[in-house]
1. Inspect region 187-207 for any residue being under 20 Å from the mean Cα position of the chain (by Cα), within 16 Å of ligand 1 (Cβ to nearest atom) and over 22 Å from residue 317 (Cβ atoms) and give the result as yes or no.
2. Looking at residue 313 and the list (1) of a type in the set (Asp, Glu); (2) open to solvent by less than 70 Å² (accessible area, probe 1.4 Å); (3) over 16 Å from the mean Cα position of the chain (by Cα), which single condition is not satisfied?
3. Which of the residues spanning region 113-128 are touching a residue at least 24 places away in the same chain (Cβ under 8 Å), surrounded by fewer than 14 Cβ atoms within 10 Å (Cβ to Cβ) and on the phi < 0 side of the Ramachandran plot?
4. Just to verify a result, which residue in region 249-278, among those that are surrounded by 12 or more Cβ atoms within 10 Å (Cβ to Cβ) and among the hydrophobic types (A, V, I, L, M, F, W, C), is nearest to ligand 1 (Cβ to nearest atom)?
5. Just one of (1) within 16 Å of residue 79 (Cβ to Cβ); (2) in contact (Cβ under 8 Å) with a residue 12 or more places away in the chain trips up residue 271, so point out which.
6. Looking at region 70-82, I want the residues that are outside the structural domain of residue 200 (by TED's automatic domain parsing) and more than 6 Å from ligand 1 (Cβ to nearest atom) and have a partner that is open to solvent by 20 Å² or more (accessible area, probe 1.4 Å) and among the small types (Gly, Ala, Ser) with Cβ atoms under 8 Å, at least 6 apart or on another chain. Which pairs are those?
7. Here's a check for you: in region 158-177, which residue that is over 23 Å from residue 122 (Cα atoms) and touching a residue at least 24 places away in the same chain (Cβ under 8 Å) is least open to solvent (accessible area, probe 1.4 Å)?
8. For region 55-86, how many residues are within 16 Å of ligand 2 (Cβ to nearest atom) and either under 16 Å from residue 267 (Cα atoms) or part of a helix (DSSP H, G or I) (or both)?
Amino acid sequence: MEEEKEVMEEREVDERVVEIEHPLPCLSESDTQRIIKGRDLFGYVGIEAVLDQMRRKTMKAGFEFNIMVVGQSGLGKSTLVNTLFKSKVSRKSCTPNYEEKISKTVHLQSVSHIIEEKGVKMKLTVIDTPGFGDQINNENCWEPIVQYVNEQYEKYLKEELNVNRKKRIPDTRVHCCVYFLPATGHWLRPIDVEFMRRLGKIVSIVPVIAKADTLTLDERLEFKQRIRQDLQANGIRVYPQKEYDEDAEDRILNDKIRENIPFAVVGTDKEHQVNGNKVLGRKTKWGIIEVENVAHCEFAHLRDLLIRSHLQDLKDVAHNIHYETYRVKRLNESNANGVALSPLTLENGTLEKSDTESHL
Ligand SMILES: Nc1nc2c(ncn2[C@@H]2O[C@H](COP(=O)(O)OP(=O)(O)OP(=O)(O)O)[C@@H](O)[C@H]2O)c(=O)[nH]1
Ligand SMILES: [Mg+2]
């Protein structure tokens with residue numbers, strides 16, 4: 001009897017859980033009138049168990065996450081990625097020899113690692129962009145990056161168009177591009193504006209202020225404000241974009257993130273003892289900057305956005321918005337030309353051709 005009572009109580013709790021309060025986004029208007037709510041069911045059905053099924057499937061298959069880092073040499077890109085994933089997923093820079101230094105152009109390097117935590121496997125690919133913005137003349141230095149992003153969309157599209165499609169198409173598309181702004185305390189430079197204006201149309205960009213420990217709190221606040229103004233004035237789209245908020249709840253959450261962007265971050269690969277606890281930090285003459293302490297810097301906000309709260313959304317936006325825009329454009333092009341898929345050119349995927357002229 002006792003047991004039965006417990007089961008009954010459990011069911012009552014479950015019923016409240018399965019109750020559908022809002023119409024599901026995938027249901028049409030007429031469907032919504034036929035929703036049978038939890039309290040109208042004769043008993044426990046078990047629909048919610050689908051979440052466990054999804055979880056088991058994802059755990060078995062694992063998932064891919066591809067993150068690109070862009071910014072001048074020495075801004076702490078590799079250090080930050082290593083701090084984000086608490087592992088050595090990106091090699092820190094070693095001083096290049098003179099030859100390498102003068103012949104430097106932007107060339108992309110991607111490195112993949114499998115990271116496993118509590119049975120969940122993630123194939124993380126870090127795409128580094130050494131050489132970006134390091135030249136005296138940085139004209140068109142974003143071109144190899146635009147090309148790389150589009151090439152990955154093209155690869156995916158070709159796989160999708162195959163008659164015999166793979167069960168799972170390997171996903172090399174860039175899910176997120178973290179753009180490193182030097183902590184100058186001034187405003188966006190022309191190269192920042194040009195890069196983000198172009199790339200913001202084809203990929204999710206998350207701008208960050210690098211090495212924020214070099215700014216005072218007032219300087220940081222002012223710099224952040226100025227950058228937000230510059231982003232708006234130049235029509236630059238950064239993640240999370242307002243137009244892709246799915247509902248009011250999303251909007252409230254994302255508005256908070258938008259008010260706080262760009263995150264002023266500090267990276268490190270060292271642990272230090274603070275009050276008997278090990279913390280990730282940078283030791284200075286004046287004390288330890290605790291990287292994950294929100295009172296010290298905004299690294300934790302960035303980590304939460306990229307990994308803990310929006311990782312799946314970044315992948316969804318890459319697939320449903322950016323890849324979709326590319327796919328439609330390419331298929332329209334080939335329909336107009338009457339060929340299967342015309343060769344990929346640099347302009348493919350960038351929305352406005354006039355954009356190719358440089359303002360640097
Ligand atoms: N003060 C400060 N120094 C940092 C920070 N992050 C990294 N550094 C240091 O800056 C130097 C360069 O860091 P990297 O992570 O190699 O920089 P990178 O942007 O990957 O450089 P490249 O690979 O050459 O493009 C290293 O000595 C780091 O220890 C930070 O947040 N604050
Ligand atoms: Mg590096």
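The values are calculated or read from the model by the stated rules, or taken from the named source; none is laboratory data. Note that the structure is predicted; figures quoted are calculated from it, not measured. A quick note on method: Cβ atoms are made from the backbone with ideal geometry, for glycine too, and the neighbour counts reach across all protein chains shown. These accessible areas exclude ligands, DNA and RNA; they are computed on the full protein's heavy atoms, side chains included. Shrake-Rupley method; radii C 1.70, N 1.55, O 1.52, S 1.80 Å.
1. Taking every residue of region 187-207 in turn, none turns out to be under 20 Å from the mean Cα position of the chain (by Cα), within 16 Å of ligand 1 (Cβ to nearest atom) and over 22 Å from residue 317 (Cβ atoms).
2. For residue 313, the failing item is (3).
3. Within region 113-128, 114, 120 meet the criteria.
4. The qualifying residue nearest to ligand 1 (Cβ to nearest atom) is 266.
5. With (1) within 16 Å of residue 79 (Cβ to Cβ); (2) in contact (Cβ under 8 Å) with a residue 12 or more places away in the chain applied to residue 271, the lone miss is (2).
6. none
7. Only one residue tops the list, namely 161.
8. As a first pass, look at region 55-86 and keep what is within 16 Å of ligand 2 (Cβ to nearest atom): 67-85.
Narrowing the set further to residues that are either under 16 Å from residue 267 (Cα atoms) or part of a helix (DSSP H, G or I) (or both) leaves 69-85.
So the answer is 17.
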